[in-house]
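Below: one structure, written as structure tokens.
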Amino acid sequence: MSDQIAIIGAGQMGNGIAHVFAQSNFPVTLIDISQEAVTKGLTTIEKNLDRQVKKGTIDATTKTTTLANIKGETTLEAASTATLIIEAATENTQLKFKLFTDLDRIAPPNAILATNTSSISITEIARHTNRPDKVVGMHFMNPVPVMKLVEVIRGLATSDETTNTVTTLSKTLGKTPVEANDYPGFVANRILLPMINEAVYCVMEGVGTPEAVDQVMQLGMNHPMGPLALADLIGLDTCLSILEVLQTGLGDPKYRPCPLLRKYVAAGWLGRKTGRGFYTYA
């Protein structure tokens, strides 16, 4: 592929996005602030590829080729030749604004700057660049190698050409792109996070245990995973951040984060990544 892809952030979303691009034979640069974070991201990709080989969804040659398509770097300047840069850093507004200001300076003039944000305004992010027409949301779902959806979010100034390019690239990855307009939470999290928040209220108010709440939604509503187990997978800090964006952006008290969710985040009980959330993990 002629497109050069740079991914900013080697965490669970960033390494997943790098994985699917590299598996589709794109050259990928995976960038994070420390070599430790980059190495951890590359190790996760290799483990996930091993899982695919074991399941028979890919062969050993594809695994080797995929890993060869990825290089790790620790400076933003490594994105200077990319035609598409996807930011997948922490869901922090000021951090994203700074990253896009820096990437706008570093990236080639024709490069598209995409963000994997799950809730922050694309229009606002674009304002921190001199190319708002080339800024777009590409919201992948977790786990990226498995989930088919890519929410493609247009900011106020995003061009048709930019939207069409990322839509086509998403299809090349075997994903299904669905276009959404730039409102807080877009489609996925505007619907998902209030459900998770209500599940937390059910636990706080003693309506049911986490296990009971999740079983009701799995067995009664045919959800593959209960909302509290899903919150642990997403990260409770990320859930809290998204709810705060929804509450601020839409001005409706129905998006107020549950006090128990705030308490868990304050305690550092963030879900799977810390070993404890609504459930305890080894």
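The values are calculated or read from the model by the stated rules, or taken from the named source; none is laboratory data. Computed from a predicted structure; not experimentally measured. Glycine gets a Cβ as well: all are built from the backbone with ideal geometry, and neighbour counts include every protein chain shown. Side chains included, ligands, DNA and RNA excluded: accessible areas come from the protein's heavy atoms. Shrake-Rupley method; radii C 1.70, N 1.55, O 1.52, S 1.80 Å.
Here is how the numbers come out for the structure above:
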read-out: Under-5 Å amide H pairs with residue 4, H placed in peptide plane, nonlocal only; value: 83, 84
read-out: ³J(HN,Hα) computed for each position of the range 24-35 - Karplus, 6.51 cos²θ - 1.76 cosθ + 1.60, integer Hz, glycine/proline x; value: 8, 6, 8, x, 10, 10, 9, 10, 9, 7, 9, 5
read-out: Radius ratio Rg over Rh of the range 107-199, counting only Cα atoms, Kirkwood formula for Rh; value: 0.99
read-out: Largest to smallest accessible area among 170, 34 [probe 1.4 Å]; value: 34, 170
read-out: Most mobile listed residue (27, 184, 109) in the chain, GNM with C-alpha springs under 10 Å; value: 109
read-out: Extended-chain gain in nm, criterion 0.36 nm per residue less alpha-carbon gap, residue 67 and residue 172; value: 36.0 nm
read-out: Amide H contacts under 5 Å for residue 87, placed H, 5+ residues apart; value: 8, 114, 115, 116
read-out: Simple label model, 7 Å out from Cα along Cβ direction - residue 142 to residue 195, nm; value: 1.7 nm
read-out: Extension gain from residue 3 to residue 25, taking 0.36 nm per residue of separation minus the Cα-Cα distance; value: 6.9 nm
read-out: Kirkwood estimate for the range 154-216, i.e. one over the average of 1/r between Cα atoms, Å; value: 14.6 Å
read-out: Against the rule of thumb 2.2 N^0.38 Å, how large the Cα Rg of the range 153-282 comes out; value: 1.20
read-out: Where the Cα pairs of the range 62-101 fall when distances are cut into 5 Å bins, in %; value: 5, 16, 24, 22, 17, 8, 6, 2
read-out: DSSP beta bridges in the chain [antiparallel fraction, %, rounded to 5]; value: 20 percent
read-out: Hull volume in cubic angstrom per residue (convex hull over the Cα atoms of the range 1-157); value: 96 Å³
read-out: Paramagnetic reach from residue 252 in the range 164-190 [backbone N under 17 Å; point 7 Å along Cα→Cβ]; value: 181-190
read-out: 3J(HN,Hα) from dihedral phi, the range 125-130, Karplus parametrisation 6.51/-1.76/1.60, rounded to Hz, x for glycine, proline; value: 4, 4, 4, 8, 10, 9
read-out: Selection of GluC sites (Glu not before Pro), the range 181-276, meeting DSSP coil and at most 16 other Cβ within 10 Å; value: 205
read-out: Taking the chain and dividing mean pair separation by its residue count, relative contact order in percent (alpha carbons under 8 Å, at least six apart); value: 13 percent
read-out: 3J(HN,Hα) from dihedral phi, the range 150-163, Karplus parametrisation 6.51/-1.76/1.60, rounded to Hz, x for glycine, proline; value: 10, 7, 9, 10, 8, x, 4, 9, 4, 7, 4, 4, 5, 4
read-out: Descending Cα extents along the principal axes, the chain, whole Å; value: 55, 45, 32
read-out: Mean separation of Cα contacts under 8 Å (6+ apart) over length of the range 73-166, as relative contact order %; value: 24 percent
read-out: Filter on 54/96; 96/263; 47/171; 71/98; 134/263; 63/273 - keep pairs with C-alpha separation over 30 Å; value: 54/96; 134/263
read-out: Segment residue 281-residue 39, length gained on full extension (0.36 nm per residue, minus Cα span); value: 84.8 nm
